[in-house]
1. Assuming R0 = 25 Å, what is the FRET efficiency of E158 and N216, from their Cβ-Cβ distance, to the nearest 0.05?
2. Please sort 203-209, 95-101 by packing, taking for each peptide the average over its residues of neighbouring beta carbons within 10 angstrom, highest first.
3. How large are Rg and Dmax for the range 48-228 when calculated on the C-alpha trace, in angstrom?
4. If the label point is 7 Å along Cα→Cβ of F128, which residues in the range 155-178 have backbone nitrogen under 18 Å from it?
5. At 7 Å along Cα-to-Cβ for each site, give me the label-to-label distance between S48 and T60 in nm.
6. How much net charge surrounds F146 when only other residues with a Cβ under 10 Å from its Cβ are counted (Lys, Arg +1; Asp, Glu -1)?
7. Just order 157-168, 64-75 by mean Cβ neighbour count inside 10 Å, highest at the front, would you?
Amino acid sequence: MFRKISQMVRSFSIFILNMQGQFLQKRLVKRLGYTPKKIIEGCTVDISQAEKDKRAKVDTEVRGLLKQLNNDVEKVSEYLEKHNVPIYRVKFAKKVLNKIGEEDGFISERTGLRALFINLITGQGIKFKTGTIIITEDEEPDIYNFIHYLHKWYAKNEGMEGFDEKSQRLLQKFNITGNQESLVNRLSLPQIDGLKQAIARDVQSIEFVSQYSKENAGAKKALEKMKEDGGANI
């Protein structure tokens with residue numbers, strides 16, 4: 001789990017560093033109306049106070065929800081399924097989903113051939129649309145994975161941007177491309193904003209899991225194990 005978080009953070013850090021670079025800084029000033037003063041050190045473009053308040057609300061309410069669920073992975077799973085987020089365990093999910101440019105875990109709505117592929121591997125038959133789902137290959141669910149999924153679902157449920165299919169597909173392209181700067185340069189203004197929001201949602205959830213793991217009982221053991229296994233220094 002923590003290796004996965006580490007990999008995601010490294011992936012997103014490329015974007016963060018590029019955002020601070022001269023090229024993207026100038027491009028964002030020109031196309032999105034931001035100024036260099038709004039580039040937060042070590043982070044992405046500044047967000048509005050309303051956005052900050054919504055993020056804080058999501059984090060606070062997810063903390064409260066996890067307390068109600070006793071930080072129990074089975075209870076978190078049951079909660080998600082009760083709220084129309086089915087969980088599918090698929091063998092070799094990472095490799096299978098990689099064929100269509102998707103990642104395992106929390107997957108928001110998909111349409112077309114991608115949805116068909118997802119429906120087929122999850123046993124849902126021939127359908128060209130999916131709802132929000134979770135696909136995992138873990139036989140023994142990891143609480144930190146499911147905290148991540150819960151946080152993303154809650155943020156989406158609160159209407160936070162970046163979970164639409166177009167933005168999510170751009171995020172996947174961004175993660176696998178070898179030249180993120182070139183990709184961003186080809187995008188339209190709405191596409192750049194969508195990608196920015198999609199990345200913001202992932203970063204927010206990763207930061208939440210990282211902070212929550214440090215705050216909670218048993219987290220020290222998890223972090224020690226992560227260090228022993230050569231995981232990220234979160």
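Since every read-out is calculated from the coordinates, none of them should be taken as a lab result. Computed from a prediction, not measured in an experiment: that's the story for all the values here. Every residue, glycine as well, gets a Cβ built from its backbone with ideal geometry; the counts of neighbours run over all protein chains shown.
1. Numbers: r = 22 Å, r/R0 = 0.90.
Rounded to the nearest 0.05, the efficiency is 0.65.
2. Working: 203-209: 20.3, 95-101: 14.1.
In decreasing order of mean packing, 203-209, 95-101 become 203-209, 95-101.
3. 16.8, 46
4. Taking a point 7 Å out along Cα→Cβ of F128, the residues of the range 155-178 whose backbone N falls under 18 Å are 165-166.
5. Placing both labels 7 Å along Cα→Cβ, they lie 2.0 nm apart.
6. Details: positive: K75; negative: D72, E74, D138, D142.
So the environment of F146 carries a net charge of -3.
7. Values: 157-168: 16.8, 64-75: 13.9.
Ranked from most to least packed, the peptides come out as 157-168, 64-75.
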